1. Residue by residue through the range 234-246, which ³J(HN,Hα) values in whole Hz follow from phi under the Karplus form 6.51 cos²θ - 1.76 cosθ + 1.60 (θ = phi - 60°), with glycine and proline marked x?
2. At 1.4 Å probe radius, can you tell me the per residue accessible area of the range 619-671 in Å²?
3. Pull up all non-local amide H partners of residue 249: gap of 5 or more, or a different chain, and H-to-H distance under 5 Å with H placed in the peptide plane.
4. Quote the accessible area belonging to residue 131 in square angstrom, nearest 10, computed with a 1.4 Å probe and with ligands, DNA and RNA left uncounted.
5. Please report the accessible area of residue 133 (heavy atoms, 1.4 Å probe, ligands and nucleic acids excluded) in Å², nearest 10.
6. Taking a 19 Å limit on the Cα-Cα distance, which of the listed pairs 289/333; 83/289; 114/235 fall beyond it?
7. Using 0.36 nm per residue of separation minus the Cα-Cα distance, give me the extension gain between residue 567 and residue 637 in nm, one decimal.
8. Just order 437-445, 642-650, 276-284 by mean Cβ neighbour count inside 10 Å, highest at the front, would you?
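The values are calculated or read from the model by the stated rules, or taken from the named source; none is laboratory data. Predicted model only: the values in this text are computed from it and were never measured. Please note: Cβ atoms are built from the backbone with ideal geometry, for glycine as well, and neighbour counts cover all protein chains shown. Surface accessibility is based on the protein's heavy atoms, side chains included, excluding ligands, DNA and RNA. Shrake-Rupley method; radii C 1.70, N 1.55, O 1.52, S 1.80 Å.
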Amino acid sequence: MLLNSLHLSHALPSLRAVLIPTHSIRFLCKISSCGDAIDMAKYRETFSRRMAMAGIKPHHKIALGVSGGPDSIGICVLASGWKMDAQIGKDESSGFIEGLLGIIVDHGLRSESKDEACHVRDAVSKMGIRSEIACCDWPDGRPKQGHLQEAARDMRYQVFQDVCIRHRIDVLLIAHHADDQAELFILRLSRNSGVLGLAGMAFISQLFPAWIHCSEESSGNHGILLIRPLLEFSKADMYKICLGASQEWVEDPTNQSSLFARNRIRMSLRNLSSTFKYELQAVISACRKTRSFIDQVSRNLISQAVTIMAHGYAIIDLEKLDPSNVNDLCLLKFVTLVLQFISQRHRPVRGSVSKLLLDYIRNFPCKTSLTAAGCYLCSAPQSKGTKLLVCSSLDSPQPSRMDLSFNYTSEDQKYCLPSEIEQIIMEAQLYSDRLVPDASDVPFLHVTSSESVLHEAKKLNLLSEPTLQSIILLQREESQQFNAKTEFTSQHGLRYETKSVSTSLSEPLQYGRSCHFMNRFLVRWKVFEKIMEDIFCRDGSWDSRCNSCVVCHDTTAFIRHMVDADWLYLAKLSNGQTLEECGEKTSSSMEKMEQKEANRIHCSEYVQFSAQRALQALKLIPVSARRGLPVLVDHQDLLLSIPSICFNRCPYLSVHSIFKPKVPLGGGYSSYI
């Protein structure tokens, strides 16, 4: 049974592998005998070509995701050989190849996982590759069984990012191959994905960390490049590469569990003919060609018709966009990218929401408003409906409070990815742009559903009738499994709950720390150092200057979005009312009344002027966009600062806010060639 799990009996008839149990879960695989010689030169040449297409050169520092299976061991073989062929030397002290790091993730979900990770580390080290074991932390406990693979995947990619950032590595190689793409195609087909989803995994994409660099001088947020150079290889190829290089690998029999969708699909695809697999890959390739064209058109539309404002909203020029003359798929992709950027929620737009957005943006001039995909859309002020305003909708559900703000210190920011990634992306984009087809050569540009993709593929002779029927059968089987699971989840209340954004106080933002508010604004606050020296007595006690000073009265601030009450508060301050009159919760005392008159008048004048200036600035920002601005408040929920418009309640307070979303407009660079 275990030998059959390798599928070597039919995939590699001239090769045999011996399975040696290392413990009760995973099995070590070694070469028993080898018949025909394996053409390793062919695999090395293909790998080198794909790396060149990605703009990656042998001298670049590269990380490898390593699980110990034949896929990840195979990519270690190819990457190390690629480096050595380019005469990249080895570190004299360690003997490891320069610029290669294997990342082994210990999920910690099984008692054997630590020993397994150590075994994989030793095997990779023998190949001349430095490796590191990264352990996962599950603060909310072990994921539920039905969500285990998905949760482990998300955690794994987060660990990959953390390790790459710590080692200042820009490029991460993942060993996904053509069989993985076939599994994903059937999986997404069963979920009714369109042609963009059926294109599968990107050849190149970007991973963006939870935090971004806090420097105002930083030109952008450079995510790690994730490269999948093995998409032209099959699973059988990965076994051959391991065998040809005389490398061991491990097999996990739990991959045969039908509990997980990918495993079910993998087992169904296993016994299908080579003709089926060839034709399926042809359809996937056509979907990828279509997606490459749509992505390019969408990027061009964004550069022509979208303006991103410094206060966190977008303006779409409908006259420049000319939506009535843009293909449905291209227009929907364009709108989706803009909405995902403004909301920083990267869920795909599907079904009725897609039609709603298309109908809305084509209704020119725009005279109504719409809330969709975490955004609020309406006519831009004074545009007479020729321009569309897109801002974040505060009424949309948020996954959790932690997504609203993330605190970090300047020490957390010391690992900043170098700008070399810009050159890599430039070279990769120049290469991929040459391969994007003309509109006349795009296969599925006008299809509207997964079923229409299949039938159009049949018309184009990409699929034969037997292959089409086999795909439809696989789709139906997995759809039934998915629907049954969804019904069970609904009946038993296992869905994840979401929380709406609240105006209640968030976690405190400590002095000297920064916050990435709602994944969009970098907010930081401090006190002018010279003034800090002046406002303390020699014995270290607080020398109260005025009742508006919050430094050391409250060394902790809270962050939330702006509400209507803040506007009223500013209006009262601008009219010269004292802070006690503006905030009913603010208490008065004899000590405050005895403050020096000169300082009290000075600060009152400052606050009044700052409030007047803030009101003038707010009038230039559309009302719907104002509500997304971050504000700092005290423990009584009264305004301390609106940093985006330079309002401060205290002259000694310095607060800065920069609109710098975690994921850039367009989702970062990606390629489906």
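1. Along the range 234-246, the couplings run 9, 4, 4, 4, 5, 5, 4, 5, 4, 5, x, 9, 6 Hz.
2. So the range 619-671 comes to 30 Å² accessible per residue, rounded to a whole number.
3. 29
4. 20 Å²
5. Counting only protein heavy atoms, the figure is 50 Å².
6. Among 289/333; 83/289; 114/235, the Cα-Cα distance tops 19 Å for 83/289; 114/235.
7. So the chain would gain 23.9 nm between residue 567 and residue 637.
8. My ranking of the peptides, most packed first, is 642-650, 276-284, 437-445.
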